[in-house]
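Visitor: Pasting a structure here, questions to come.
The values are calculated or read from the model by the stated rules, or taken from the named source; none is laboratory data. The shown structure was predicted, so the numbers you read here are calculated from the model rather than taken from an experiment. So basically every Cβ, Gly included, is an ideal-geometry build from the backbone, and we count neighbours across all protein chains shown.
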Amino acid sequence: MLLIGQQNARTCHGLHRRAFLQAGASSVLGLSLTDLLKARAAGESGGPAKAVILLWLWGGPSQLDTFDPKPNAPLDYRGPFGTIPTRIPGVRFCELFPKLAGFSDKFSLVRTLVSQSNDHGIAGTIGLTGNGAGGTGLDGKPLPGTPRPALGSVVAKALATSPQRKQGQAGMHPFFVVGGKLHQGKKPIIGEGGGTLGAAWDPFRLEYDPASGTKIPALQLPKELTPERMVDRQSLLTAFSKAESQTADMHATGQLDAYRSRALAMLTSPNAASAFDLSKEKPALADRYGRTRFGQSCLLARRLVESGVPFVQVNWSDHVEAEEDSGDGGWDHHYRNFQIMQDRHAAWLDQSCTALFADLHDRGLLDSTLVIAVGEFGREPKVNDKAGREHWPGCYSALLAGGGVKGGRVIGTSDAKAAHPADTPLTPADLNATVLQQVGLTSEQVTGIGLTPTGRVIEELL
């Protein structure tokens with residue numbers, strides 16, 4: 001069965017002076033998106049990142065039990081794990097991450113991220129969009145404004161029309177989410193879609209099922225629509241018409257035709273079918289990523305980027321693994337944190353993330369692919385009475401590699417218990433601003449597509 005889905009800078013970095021002069025007259029300070037694309041059409045290349053992979057560690061990993069351990073803190077803060085050296089002089093990781101420690105000279109670490117909220121849904125919106133609009137802050141008061149589009153939607157719109165995209169990549173939608181939908185209870189998280197950019201920039205969703213392979217779940221085509229009939233455009237249009245009730249929200253924005261056009265292109269594209277097919281990978285490489293849902297989702301992300309997709313988000317969601325007795329709730333370890341970390345989560349992340357970095361590096365793709373691994377917040381430093389850690393927005397970590405990010409750097413220092421930044425406090429808006437610069441968008445260009453620039457570029461990474 002085939003399924004296809006939809007879900008409801010401060011500088012002109014990357015633009016040469018000639019392109020800036022050609023486009024700069026359109027506004028007082030900077031360039032609109034149209035100007036940027038005109039500059040690229042004239043031969044300019046944009047930023048160093050041609051694609052972005054966001055490994056979204058939903059639930060909030062503990063900073064102390066991953067990449068910011070505090071071996072000198074009291075036991076009820078530091079936890080039971082030891083630390084190991086990395087390739088970065090003087091920097092140690094939790095002992096559960098030996099593979100990433102051995103690859104640490106190829107990526108950088110931010111240790112002082114701070115969010116506005118300790119609520120999964122609100123912090124998730126802030127992390128995915130760089131803005132908390134549509135939710136409430138720690139004081140319970142509404143955060144103003146309409147929810148911004150997901151970072152993936154902004155990048156997709158900027159890069160999808162780049163003339164550097166090869167002709168064979170034109171059939172691929174520019175923004176994919178791999179993994180289950182993010183939700184809090186039964187309420188979906190705001191911030192995974194196109195927002196103010198329109199539903200045409202919502203992601204297509206893929207899910208990897210160990211039993212059946214890659215699925216695209218939101219729009220199910222009829223069983224009688226066999227691969228042989230996929231070339232029949234009228235049959236496809238009829239099937240899509242029957243499913244329009246699932247995409248009724250798109251009619252109001254006038255975005256359905258654009259989205260459906262991309263869906264039809266992907267359904268009939270050999271390039272898309274090949275990108276989705278993990279059986280084309282050598283078993284040894286699939287083993288290197290790990291035969292977990294998250295590991296194979298990371299491998300799928302690499303295939304999508306290799307096929308020309310500008311932005312891929314991999315969700316480590318509440319249902320990342322299918323084992324009924326796994327007790328998996330993403331990284332939301334209010335209880336049994338240390339058991340879950342030791343038995344499953346640390347090993348899975350260590351293996352899959354290192355395999356993705358190394359695979360991209362070996363294929364010559366890491367320099368042009370920016371990879372970020374981060375959650376919506378961290379965990380409370382003091383261990384609770386259930387051997388777990390509560391939500392903590394005051395300080396948490398992110399890994400970044402490729403796409404112009406220098407390896408072997410640590411940005412920011414947390415205090416003695418990893419509770420608050422001791423220096424260099426940074427926000428999700430800063431992280432997102434850095435991504436936008438690396439793909440060639442300045443703050444002026446973000447304004448040009450109707451968004452208010454937020455955050456500052458983390459120059460220390462570059």
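Visitor: Filter region 269-288 down to the residues that are small (G, A, S) and closer than 22 Å to W348 by Cβ, then identify the one that is modelled with the lowest pLDDT. Let's see the steps before the verdict.
Guide: Taking region 269-288 first, the residues small (G, A, S) are 269, 272-275, 279, 284, 286.
This time we only want the ones that are closer than 22 Å to W348 by Cβ, so: 279, 284, 286.
Numbers: S279: 90, A284: 98, A286: 96.
Per the criteria, the residue is S279.
Visitor: Now for a separate question. Take the residues of region 360-382 that are under 14 Å from Y396 (Cα atoms) and among the small types (G, A, S): which is surrounded by the most Cβ atoms within 10 Å (Cβ to Cβ)?
Guide: This residue is G378.
Visitor: Within region 276-298, can you find the residues that are in a helix (DSSP H, G or I), closer than 23 Å to A373 by Cα and polar (S, T, N, Q)?
Guide: If we filter region 276-298 for residues that are in a helix (DSSP H, G or I), which is where we start, we get 276, 278-280, 283-289, 293-298.
Remaining after also requiring closer than 23 Å to A373 by Cα: 276, 278, 285-289, 293-298.
Matches in region 276-298: Q296, S297.
Visitor: Of the residues that make up region 48-65, is at least one surrounded by fewer than 17 Cβ atoms within 10 Å (Cβ to Cβ) and more than 19 Å from the chain's Cα centre (by Cα)?
Guide: Keep residues of region 48-65 that are surrounded by fewer than 17 Cβ atoms within 10 Å (Cβ to Cβ), which gives none.
Checking region 48-65: not a single residue is surrounded by fewer than 17 Cβ atoms within 10 Å (Cβ to Cβ) and more than 19 Å from the chain's Cα centre (by Cα).
Visitor: State the number of residues belonging to region 383-406 that are closer than 20 Å to L100 by Cα and surrounded by fewer than 20 Cβ atoms within 10 Å (Cβ to Cβ). Show your work before the answer.
Guide: From region 383-406, those closer than 20 Å to L100 by Cα are 396-406; that's our starting set.
Restricting the remaining residues to those that are surrounded by fewer than 20 Cβ atoms within 10 Å (Cβ to Cβ) gives 404, 406.
Result for region 383-406: 2.
Visitor: Tally time: how many residues in region 73-90 are among the hydrophobic types (A, V, I, L, M, F, W, C) and either at pLDDT below 95 or touching a Leu at 6+ places or on another chain (Cβ under 7 Å) (or both)? Lay out the reasoning, then the answer.
Guide: In the first step, residues of region 73-90 are kept if they are among the hydrophobic types (A, V, I, L, M, F, W, C); the result is 73, 75, 81, 84, 88.
Now drop any that are not either at pLDDT below 95 or touching a Leu at 6+ places or on another chain (Cβ under 7 Å) (or both), which leaves 81.
Total meeting the criteria: 1.
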